[in-house]
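Okay, so here's the structure we're looking at.
The values are calculated or read from the model by the stated rules, or taken from the named source; none is laboratory data. Since the structure is predicted, the reported quantities are computational estimates derived from the model, not experimental observations. Cβ coordinates were reconstructed from backbone atoms using ideal geometry, including for glycine residues, and neighbour counts include every protein chain displayed. Just so you know, the surface numbers come from the protein's heavy atoms only, side chains and all, with ligands and any DNA or RNA stripped out. Shrake-Rupley method; radii C 1.70, N 1.55, O 1.52, S 1.80 Å.
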Amino acid sequence: SSFAVASSMVRVDFGFFFALAVGVPATILVRQALLWRPQGDGVAWYPPAGLLLVCLGLPTAVAATALPAALWPSPEQVQRARAVIENLPLELRPSELPAAAADDLIRFALGFLPGVLGLGVFVLLVANAAIAQALLARFGLNLRPTPGFSELALPPWFATAAAIAGIGARLPGVSGVGGGNLALICAIGFLFAGLAVLHAIVLNSRARGPLLELAYGSMLFAPALVAVMMLGIAEPWTRLRERFAGPAPRL
């Protein structure tokens, strides 16, 4: 029947999107994680910073597919977003706005759709990678050692790219939407760089576990989250991570 044909097409479309957004990034990340080169009497594995950049770059590529919808949302998309807002509980619903103002607000929010999609893919990719590595290491089946968080240091050009994205975010049109979404993804990179600083500071502490638990727990609150992100932004100048954990592996 036509319904069965339509259903099979929907499944094919979903499978294609799943492969594009999840399968391909996971395959590329595993390939990069298993790269190594001889170093002295041992081997040097692909560094944590490189893995983080892969985990940021792949979701950015997936997020780019949502740019047309962010730049030129269709009336149907605006209508669906308006329906979502209208179905929110009263305490979460924004105050009464004229229809035109509400549509402008919806279009502004849709402008960040690529960044939200990218962050979702990033979380999925990192979470799956971390769980898989933990399980493999637990049973002694891992092909490479678990990367040390304290060895993560973003390359100098990352801050420059983030600054350019931030400047672009203040411009109208394509530059504003692209820059704003890219800056949102770059912020996650700085967050991980800040976490690397925290891991380095407590690297040799006897209370390492409880201190990290306290740090991660505090990040449930926005001020602590922003503070860790600022640590990552300031790291190229303060070199706190390097003082406690030594030079990071280079790409």
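Residue count for region 184-216 satisfying the condition of being within 30 Å of ALA109 (Cα to Cα) and either open to solvent by 30 Å² or more (accessible area, probe 1.4 Å) or over 20 Å from the mean Cα position of the chain (by Cα) (or both): 4.
Rundown of residues vs (1) aromatic (Phe, Trp, Tyr); (2) in contact (Cβ under 8 Å) with a residue 40 or more places away in the chain, yes/no style:
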residue	(1), (2)
ILE164	no, no
GLY179	no, no
LEU195	no, yes
GLY217	no, no
PHE221	yes, no
MET229	no, yes
TRP237	yes, no
PHE244	yes, yes
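Taking region 86-108 as the range and being within 26 Å of the chain's Cα centre (by Cα) and either at pLDDT below 70 or open to solvent by less than 60 Å² (accessible area, probe 1.4 Å) (or both) as the test, only ILE106 passes. Scan region 115-134 and give yes if some residue there is at pLDDT below 95, in contact with a Gly (Cβ under 8 Å, 6 or more places away or on another chain), part of a helix (DSSP H, G or I) and farther than 16 Å from LEU29 by Cβ, otherwise no. Taking every residue of region 115-134 in turn, at least one turns out to be at pLDDT below 95, in contact with a Gly (Cβ under 8 Å, 6 or more places away or on another chain), part of a helix (DSSP H, G or I) and farther than 16 Å from LEU29 by Cβ. There is no residue in region 141-159 that is without any contact (Cβ under 8 Å) to a residue 12 or more places away in the chain, hydroxyl-bearing (Ser, Thr, Tyr) and open to solvent by 30 Å² or more (accessible area, probe 1.4 Å). Just one of the numbered conditions (1) open to solvent by 60 Å² or more (accessible area, probe 1.4 Å); (2) closer than 19 Å to VAL123 by Cβ is not true of TRP237: (2). Of all residues being out of contact with any helix residue (DSSP H, G or I) (no Cβ under 8 Å at 6 or more places or on another chain) and assigned to a helix (DSSP H, G or I) in region 160-172, which is most open to solvent (accessible area, probe 1.4 Å)? Just the residue, please. Checking each candidate, the answer is THR160.
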